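The values are calculated or read from the model by the stated rules, or taken from the named source; none is laboratory data. Small disclaimer: the values here were computed from a predicted structure and weren't measured. With ideal geometry, Cβ positions are generated from the backbone for all residues, glycine too; neighbour counts draw on all protein chains shown. To get the accessible areas, we keep the full protein, side chains included, count just its heavy atoms, and leave off ligands, DNA and RNA. Shrake-Rupley method; radii C 1.70, N 1.55, O 1.52, S 1.80 Å.
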Amino acid sequence: FTARENSNKNLSNSSNKKTATISTNVTNNNNGFGNNVNLFNVYDGGKLVVNSGNFITTNNSRGSSIYMEDGATLEVNGGTFNAAYYVIGTEGNVSVTINGGHLESTSTSKSGTWAYAIKIVEGEFTMNGGTIIGVHGVLALDGAVSGTINNGEIIVNESFVGANDGYYCMYVTETSSL
């Protein structure tokens with residue numbers, strides 16, 4: 001599994017790439033490839049393990065550093081994510097574990113669109129360490145999500161001093177638990 005600058009990667013069980021371990025640098029400076037603006041797509045039983053690297057996205061209207069669909073698993077042990085929109089965006093039942101790393105979204109409603117650093121709509125979320133930072137929002141458990149935070153930092157910032165655009169630290173719906 002090789003990540004190249006300005007290239008997105010798909011990871012699924014059906015493509016015989018069930019598990020990938022990432023320790024590299026990836027930047028996406030454009031609007032993506034076709035309709036896809038995610039650095040990594042994990043779906044269909046795929047598993048992504050991130051141990052180190054720098055991951056940057058600059059599109060502030062759509063896309064994710066990591067996009068996950070039903071059956072996907074993500075483990076972040078390290079690395080630095082700087083996303084203009086979602087760091088992690090999901091659809092379907094997924095499993096996300098953050099053990100370390102720095103995950104930051106600069107998305108703000110002042111840019112016309114907004115995103116949380118991490119948004120999970122169904123599945124499991126566990127945080128054992130690391131730092132997650134967002135402007136519009138940091139963590140959204142927006143559906144049937146079971147969440148656990150054992151350690152780590154969750155920080156909401158303003159896009160600049162006096163902007164008054166720092167909103168939700170955590171958003172948990174009534175069908176989720178934390």
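Inspect the range 47-54 for any residue being within 28 Å of ASN164 (Cα to Cα) and open to solvent by 10 Å² or more (accessible area, probe 1.4 Å) and give the result as yes or no. So far as the range 47-54 goes, no, none of its residues is within 28 Å of ASN164 (Cα to Cα) and open to solvent by 10 Å² or more (accessible area, probe 1.4 Å).
Can you tell me which residues in the range 44-56 are out of contact with any Gly (no Cβ under 6 Å at 6 or more places or on another chain) and either of a type in the set (S, T, N, Q) or under 14 Å from TYR116 (Cα atoms) (or both)? Within the range 44-56, ASN54 is the sole residue that qualifies. Among the residues of the range 62-76, those identified as open to solvent by 30 Å² or more (accessible area, probe 1.4 Å) and touching a Gly at 6+ places or on another chain (Cβ under 7 Å) are TYR67, GLU69, ASP70, GLY71.
Going by what's in this entry, would ILE154 be described as in contact (Cβ under 8 Å) with a residue 40 or more places away in the chain and of a type in the set (Val, Ile, Thr)? Taking the combined requirement at face value, the residue does not satisfy it.
Checking each residue in the range 77-93 for being out of contact with any Ser or Thr (no Cβ under 7 Å at 6 or more places or on another chain) and either within 21 Å of ILE149 (Cβ to Cβ) or open to solvent by 50 Å² or more (accessible area, probe 1.4 Å) (or both) picks out ASN77, THR80, ASN82, THR90, GLU91, ASN93.
Within the range 51-75, restricting attention to residues that are more than 10 Å from the chain's Cα centre (by Cα) and among the β-branched types (Val, Ile, Thr), the residue that is nearest to ILE98 (Cα to Cα) is THR73.
Say whether the condition of being polar (S, T, N, Q) and at pLDDT below 90 is met by at least one residue in the range 65-79. Checked the range 65-79: at least one residue is polar (S, T, N, Q) and at pLDDT below 90.
Under the condition of being touching a helix residue (DSSP H, G or I) at 6+ places or on another chain (Cβ under 8 Å) and open to solvent by 30 Å² or more (accessible area, probe 1.4 Å), which residue from the range 113-170 is nearest to ALA72 (Cα to Cα)? Top of the filtered list is TYR167.
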